[in-house]
Amino acid sequence: MKLSNEEKSMLDGKDGKARQKAMELLVRYGEALGAERLVATDNIAGVPGSSNPFLAKYYHQHGGGNHDAIFSLFDLDSDEIVEVPKASAHTCHLQGGYDPDNWQLLGASPEGFKISQESEAYIAGRGVQILKTCTPYLAGNVPKKGDHCAWMESSAVVYCNSVIGARTNTEGRESTSAAMLTGKIPDWGFHLDENRLGSHLIEVDFEIESVMDWGMLGYFCGEVVGEKIPVLNGKFKADLIRHKHFGAAAASSGGVEMYHIAGVTPEAPSVEAAFGGRKPLEVIKYGLAEKRRTYDNLNSRAKDTDVDYVMLGCPHYSLEQIQGAVELLEGKKVNANTQLWVFTSRAVKAVADAQGLSKRLRDSGAVLVTDTCSSIAQAVPPGTKVAALDSAKQTHYLPAIMNIQAWFGTTQDCINAAVTGRWNGVRP
Amino acid sequence: MSVDTAVLKGRKVVGGVVEGEALVTRQTISGWGGINPTLGTITETRHELRGVSFKDKILVFPGAKGSSGWSAMFHMTRLSGTAPKALLFTEMTTKVALGAVVMRVPSMTDFDRNPLDLIETGDWVKVDADRGIVEVRMIAPRSAALRTGS
């Protein structure tokens, strides 16, 4: 790889040991990718320094156990423990495993919670923004078009590339932590114009309206294009929420990191522009048959209609979605045999508190949870056999992780299930 | 009985020389939500290798899929002593590149022919990532076309 003088200086240790170790890792990573150079970034979303009982125990035995040890030996994959300075680029912390208010409800161990709080304080002290969400773009981190970013979290990555038009690969913990100290990331993949063009054309011949519709379309796209870049052509009106659910689904069933919607997303003024004048590798139709097949795939692990648990908030709910859930619950109560947990970020919860929405949820018997989700925290109410979800992404992961059944449907279907204790969703 | 052998050439991702038994899958592998790093096994529900251990194997697979937690999960296999001995893969992504780097195992890609067509589970494979060469000793005979790549 060709390094600039600034980068060489970091690699030589002139900016301190920690930046040297971070640059060493970026060079190893860039060479593994076959990248020619690094690119400057000032927007990083990762999980720097995050600890858990496994890492805490391991680095207590191998390296003295303090937070610098975990950051040096795990985040930077260094063989030497270095003193970790403040971030040199804007960095936010994505979701974690513990809600500071509801960790006991979610069944977390006091030891795990304590470890997570300590690592949070450590990294906050290094200037990292504690957003603790999979939706940083709803909690104050909104890059602008063309910005080079280094983000983890597949649903945030696809949103960043497709809806915002900023540029990021799906980075990992170690690369984002190294970027935090250097402001650099390999100039590869989605940072380069030629890798952002569409590959497959998806022709949609009917209206895609509800969040559920968008989730199914995303799930379908991921299944048919895998890691490639779908270009959607049809009559679309998608708000932020629908993009969020579409991208999260496409990134779960496949590895979609970018998509275009002709006439809608910033790098696709037209179908032709989205393909950069090239021909699509394949033209794929999404009609009623495809929609039904996707619905059946998503609901393949659901059988019993008594619902124990309703989970909303994957990806983390926006303020409008919390408001929507509150309105659907108006004058109703969550069933005695069912629990309803709604997940969001701390920033959105602060506003929901101020609006009185959190209280209205509580009054209905629901709980507003922050920082995490059922899949990440591996937490469902005790005894849960059947869950109801309005997220295709969560439906992809949760049944496998918790070995439970899960129904997928509209937010209204989920609220109905929370109130009646029964699933009454309808196949489209 | 004669033993079939073959040689592949590819690009070094992570350097090093190692040999061992191949574990081959045509399916991509998820890190977070797809493996148990303390046991070194595949856990994804519908994966053809579900329940199978990759510890100390030469893992031959298309590449990585799923969550951005891929590298951290495979990083933990190194700490747990359950990592594969080497990675041979066909689709380069940031997930698999970073995972290979932090696992610190010899890794290669960009082969002159498809290792998924040539190598079978149980074959004895020698990986010399520094020189970009993979030598395969096959446990079962293959067709002449596969051996020579013609």
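On a full-extension model of 0.36 nm per residue, what is the gain between B:Gln27 and B:Arg131, subtracting their alpha-carbon distance, rounded to one decimal in nm? Could you put the intermediate results ahead of the total?
Numbers: separation 104, 0.36 × 104 = 37.44 nm, distance 2.71 nm.
Gain on extension, B:Gln27 to B:Arg131, equals 34.7 nm.
From largest to smallest, what semi-axes in whole angstrom does chain A give when each is the square root of 5 times an eigenvalue of its alpha carbon gyration tensor? Please list the in-between numbers first.
Numbers: eigenvalues 254, 171, 57 Å².
Rounded to whole Å, the semi-axes are 36, 29, 17.
Which one of A:Gly183, A:Gly34, A:Gly218 has the biggest mean-square fluctuation once chain A is modelled by GNM with Cα springs under 10 Å?
For chain A, modelled as a Gaussian network with Cα springs under 10 Å, the answer is A:Gly34.
Within 10 Å, count the other beta carbons around each residue, average over each peptide in A:90-97, A:396-403, and list them highest first. Intermediate values should be presented prior to the final figure.
Details: A:90-97: 23.5, A:396-403: 20.0.
Highest-to-lowest ranking by the protection proxy: A:90-97, A:396-403.
Hey, got the average number of other protein chain Cβ atoms within 10 angstrom for residues in A:32-40? Spell out each step's value before the answer.
Numbers: counts 15, 9, 7, 2, 0, 0, 0, 0, 0.
Neighbouring Cβ atoms belonging to other protein chains average 4 per residue here.
Take every residue in peptide A:166-173, count the Cβ atoms of other chains within 10 Å of its Cβ, and give the average of those counts.
Values: counts 0, 0, 1, 6, 9, 5, 18, 9.
For peptide A:166-173, the averaged partner shielding equals 6.
For a protection proxy built on the mean count of beta-carbon atoms within 10 angstrom, sort A:247-257, A:38-48 highest first, please.
Details: A:247-257: 27.8, A:38-48: 24.3.
Averaged packing, sorted descending, gives the order A:247-257, A:38-48.
When all alpha-carbon pairs of the range A:215-296 are counted, what percent fall beyond 19 Å? Please list the in-between numbers first.
Numbers: 1119 of 3321 pairs.
Within the range A:215-296, distances greater than 19 Å cover 34 percent of Cα pairs.
Would you mind checking which residues have amide H under 5 Å from A:Arg422's amide H? H placed 1.01 Å from N; only 5 or more apart, or other chain.
It is A:Val307, by chain and number.
What is the mean number of Cβ atoms from other protein chains located within 10 Å of the Cβ atom of each residue in peptide B:100-111, rounded to a whole number? Display every interim value, and only then the final one.
On the way: counts 3, 13, 11, 1, 2, 0, 0, 1, 0, 3, 1, 0.
Average per residue, whole number: 3.
First obtain the Kirkwood hydrodynamic radius of chain B from its Cα pairs, then insert it into the Stokes-Einstein equation at 10 °C and 1.306 mPa s, and state the resulting D in µm² per second as a whole number. Can you show the working numbers first?
Numbers: Rh = 15.1 Å.
In µm²/s, the coefficient is 105.
Using a simple charge model, +1 on the beta-carbon of Lys and Arg, -1 on the beta-carbon of Asp and Glu, nothing else, what dipole does chain A show about its Cα centre, in debye to the nearest 20? Present the calculation step by step, with values, prior to reporting the outcome.
Working: 43 positive and 51 negative charges, 119 e Å.
The dipole of chain A has a size of about 580 debye.
Assuming a ≥ b ≥ c are the square roots of the Cα gyration tensor eigenvalues, decide whether the range A:380-420 counts as rounded (a/c under 1.5), prolate (otherwise, with a/b larger than b/c) or oblate.
On the way: a/c = 2.77, a/b = 1.27, b/c = 2.18.
The shape class here is oblate.
To the nearest 20 debye, what is the magnitude of the charge dipole of the range B:4-148 about its Cα centre, counting +1 on the Cβ of each Lys and Arg and -1 on the Cβ of each Asp and Glu? Numbers along the way, then the final one.
Numbers: 19 positive and 15 negative charges, 49 e Å.
Roughly 240 debye for the range B:4-148.
Under 5 Å between amide H atoms, partner at least 5 residues away or on a different chain: which partners does A:Ile261 have, H built in plane at 1.01 Å?
A:Leu232
Values in this text are rule-based calculations from the coordinates and carry no lab data. Just so it is clear, the structure is predicted and the values come from calculations on it, not from any experiment. Here the Cβ is made from the backbone with ideal geometry for all residues, glycine too, and neighbour counts use every protein chain on show.
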